[in-house]
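The values are calculated or read from the model by the stated rules, or taken from the named source; none is laboratory data. Quick caveat: nothing in here was measured; it's all calculated off a predicted structure. Cβ placement follows ideal geometry from the backbone for every residue including glycine, while neighbour counts extend to all protein chains displayed. Ligands, DNA and RNA are excluded from the accessible area calculation, which covers all protein heavy atoms including side chains. Shrake-Rupley method; radii C 1.70, N 1.55, O 1.52, S 1.80 Å.
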Amino acid sequence: MAKGEWKRSGADDLPLTGRSECEVFDDGTNTFFWRAHTLTVLFILTCALVYVTLLEETPLDTAYNTKRGIVASILVFLCFGVTQAKDGPFTRPHPAYWRFWLCVSVVYELFLIFILFQTVHDGRQFMKYIDPKLGVPLPERDYGGNCLIYDPGHPADPFHNIWDKMDGFVPAHFLGWYIKTLMIRDWWMCMIISVMFEFLEYSLEHQLPNFSECWWDHWIMDVLVCNGLGIYCGMKTLGWLSMKPYQWQGLWNIPTYKGKIKRIAFQFTPYSWVKFEWRPASNLRRWLAVLGIIFMFLLAELNTFYLKFVLWMPPEHYLVLLRLIFFVNVGGVAMREIYDFMDDPKFYKKLGQQAWIVATITVTEFLIVVKYDPNTIMLPIPFFITQCWTLGIVLIFFWTLWRFFIRDITLRYKETRRRRQEGSSERDRVPGHADGTNLATSGRSKLNGSMDTVRHRKS
């Protein structure tokens, strides 16, 4: 790109489409920070391997060597991926950052596949190699309990039930939905997913005890306060990102120190901005895509709780937090690739690599849950809950049938009928009415006819 050239957001070679995209100004500066360092990484990696091979004595501990070999293999794969993998749609703060998370996605999926192919006992005991504290059954916990907002039985602190809920999960809920809003970029979809997950908790509390919460914890603490506030702040951030000017200059081209600091801070904001316009009711493809996104989001949320349960991981374990951090970093890229594939299928002929691997991870996690504890998954759902979900699915099915099939057929039939009526009315018109000649002839004929009648009467 020439220096100082305006271009569309996204990749440099994207065609102009009907999407809502901002304009980007880039002065074309290519510093050491942005250059490829494939030879540098290869040299450092080779030196490390030579050091381990020639200068370091190999320990005699088999378990330690196994762990070390696995970690070294993963690091070599990450080095290859960060330098050689294909770039995704995001370039800030650096394309290598997103390539790193793509490679982490592959490593995590391979780990899940390995766990899936183990027996239930071996899989749970394998977690001890990661943390010796794992691999033991979780203790029973009491969830739900006293749901009184004001408890007169505790005069010292009658609101103790509310304060007991004010733990680390409150800011986690807020931050999680703030980030999800930045991923989805649509208020309605976020609210639907938020409310539907609360209904899922109601429906599955007979399977997992930690789904059993007080009504005010579901609808006030979660939906309105934590989730609602996170979605609101996320939408405000989206508004700022959509209005922000995207003008990029090289750091050394900025004369003031204040400008340099501002430029460094903006390095952690998007390079450009694309407003997501899902429009699920516009056609069947977009409608099914939105339904699939909502389904996969809810399944990933449920996997968080079920994986902890079947693999015997306490909620506060660092692996649970690492999984959430992982989805925060890969979810945004996956959503952008899904939107591009749905919005412009002529240009994006296949689903993006990050979206593909995230979908695979979500399905694999669910399969692990099914294999490791089928008894919990197959616990019968209460009849009235089954009725509610059946009614909802039937309504969605018939609405889809009406909106994209019956309604379209009806509109086509009305349009065809209207055109036929217009064509028949055109054919029924007498030729020559436009210039008045036929009307004059008709008038003379009527006049001559009336004169003949008068003459006949006189005779």
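Numerical summary
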quantity	calculated
Solvent-accessible area of Arg417 with every protein chain in place, 1.4 Å probe, in Å² to the nearest 10	130 Å²
Long pairs among Lys128/Lys308; Lys180/Lys236; Lys350/Lys371; Lys86/Lys349; Lys236/Lys275; Lys308/Lys371, criterion Cα-Cα beyond 20 Å	Lys350/Lys371
Backbone N within region 317-346 under 17 Å of label point (7 Å from Phe111 Cα along the Cβ vector)	317-331
Neighbourhood charge, 13 Å Cβ-Cβ cut-off, centred on Ile409 and excluding it, Lys, Arg +1 and Asp, Glu -1	+3
Only Lys, Arg (+1) and Asp, Glu (-1) charged, at Cβ; region 107-379 dipole about Cα centre in debye	1700 debye
Portion, in percent, of the accessible area of region 107-379 that falls on carbon or sulfur, probe 1.4 Å	72 percent
Residues Glu277 and Phe126, FRET efficiency given R0 of 30 Å [Cβ-Cβ distance, rounded to 0.05]	0.10
Gain upon complete extension [Val50, Trp187; 0.36 nm per residue less C-alpha separation]	43.9 nm
Spin-label pair Trp34/Ile385, simplified geometry with 7 Å Cα→Cβ offset, distance in nm	5.3 nm
Burial order of peptide ranges 390-402, 179-191, 287-299 (average beta-carbon count within 10 Å, highest first)	179-191, 287-299, 390-402
Accessible area in square angstrom per residue, region 46-148, 1.4 angstrom probe	66 Å²
Gained length - Phe295 relative to Trp216, 0.36 nm times residue gap less alpha-carbon distance	25.9 nm
